[in-house]
1. Give the range 33-55 a look and list any residue that's in contact with a strand residue (DSSP E or B) (Cβ under 7 Å, 6 or more places away or on another chain), outside any helix (DSSP H, G or I) and open to solvent by less than 50 Å² (accessible area, probe 1.4 Å), or say none.
2. Select from the range 127-142 the residues that are open to solvent by less than 30 Å² (accessible area, probe 1.4 Å) and of a type in the set (D, E, K, R) and list them in ascending order.
3. List pairs: first in the range 89-116 and of a type in the set (S, T, Y), second in a strand (DSSP E or B) and exposed (fewer than 13 other Cβ atoms within 10 Å of the Cβ), Cβ under 6 Å, 6+ apart or cross-chain?
4. Read through the list (1) over 26 Å from D14 (Cβ atoms); (2) in a strand (DSSP E or B), then give the number of the only condition that K183 fails.
5. All but one of (1) surrounded by fewer than 16 Cβ atoms within 10 Å (Cβ to Cβ); (2) within 20 Å of G151 (Cα to Cα); (3) among the hydroxyl-bearing types (S, T, Y) hold for T91, so report the exception by its number.
6. Return the total of residues in the range 137-185 being among the β-branched types (V, I, T) and free of Cβ contacts under 8 Å to residues at least 60 places away in the same chain.
7. When the residues of the range 45-80 are narrowed to those that are touching an Asp or Glu at 6+ places or on another chain (Cβ under 6 Å) and not polar (S, T, N, Q), which ends up nearest to A156 (Cα to Cα)?
8. Which ones in the range 143-174 are open to solvent by less than 20 Å² (accessible area, probe 1.4 Å) and among the small types (G, A, S)?
Amino acid sequence: MSEEYAGLGGWTPDVLALPGQVRAVVAAPNPVLSRPGGEVDPTAEETVRLAADLIATMRVSPGCVGLAAPQVGVGAQVFAVDITGHPKAVTVHGTFALCNARVVEASRWKAGREGCMSVPDLTGDVKRASRLVVEGELPGTGKSVRLATDGFEARALQHEIDHCAGLLFLDRVAGAHAVYQRKVYL
């Protein structure tokens, strides 16, 4: 992979040097979910703690592949993602967190079903880029990164970046016909 797409540069959650605390996940229509989060200093103690807490909360939540700061009631541009082991995974960068992330390239748009811990009773069909390049900063180190990904990880990143911008997947569905009651299997 070229230097331009160097990925996470060896970053792991161990960089945060904190175990993280599990936080309660807020549900729609909580107003924090519809407000854009503020940019953060990726090296600030509260940002590092927030990133560790997002990872800890994500890890104990069955089926969760990403979690953004607004989902734990914090209006900030920080999120965590881990699609490791997911059956739809193509490219996998493991467990990571990003601050102040933005999409810089997006292509190969495809519709796919999405769910969200903050919208527990519904899923919906959302058209997203299946090839993606994102720029952001790593919590703890503050290093700027440019991450290229595709498939399900690209979808997860766009979903979490949307949360940081005050958007839910429901804001991206084509209409009521593309929203479904979540199926629960016992």
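1. G37, G38, V40, P42, listed by residue number.
2. The one that is open to solvent by less than 30 Å² (accessible area, probe 1.4 Å) and of a type in the set (D, E, K, R): R128.
3. Partner pairs satisfying both residue conditions: none exist.
4. So the condition that K183 fails would be (2).
5. Failed condition: (1).
6. Restricting attention to the range 137-185, the residues satisfying the condition of being among the β-branched types (V, I, T) are 141, 145, 149, 161, 173, 179, 184.
If we keep only those that are free of Cβ contacts under 8 Å to residues at least 60 places away in the same chain too, we end up with 149, 173, 179, 184.
Counting residues in the range 137-185 that are among the β-branched types (V, I, T) and free of Cβ contacts under 8 Å to residues at least 60 places away in the same chain gives 4.
7. That would be G66.
8. Passing the criteria: A154, A156, G166.
The values are calculated or read from the model by the stated rules, or taken from the named source; none is laboratory data. Everything quoted here is computed from the prediction, not taken from an experiment. Here the Cβ is made from the backbone with ideal geometry for all residues, glycine too, and neighbour counts use every protein chain on show. Just the protein is used for accessible areas: all its heavy atoms, side chains included, with ligands, DNA and RNA removed. Shrake-Rupley method; radii C 1.70, N 1.55, O 1.52, S 1.80 Å.
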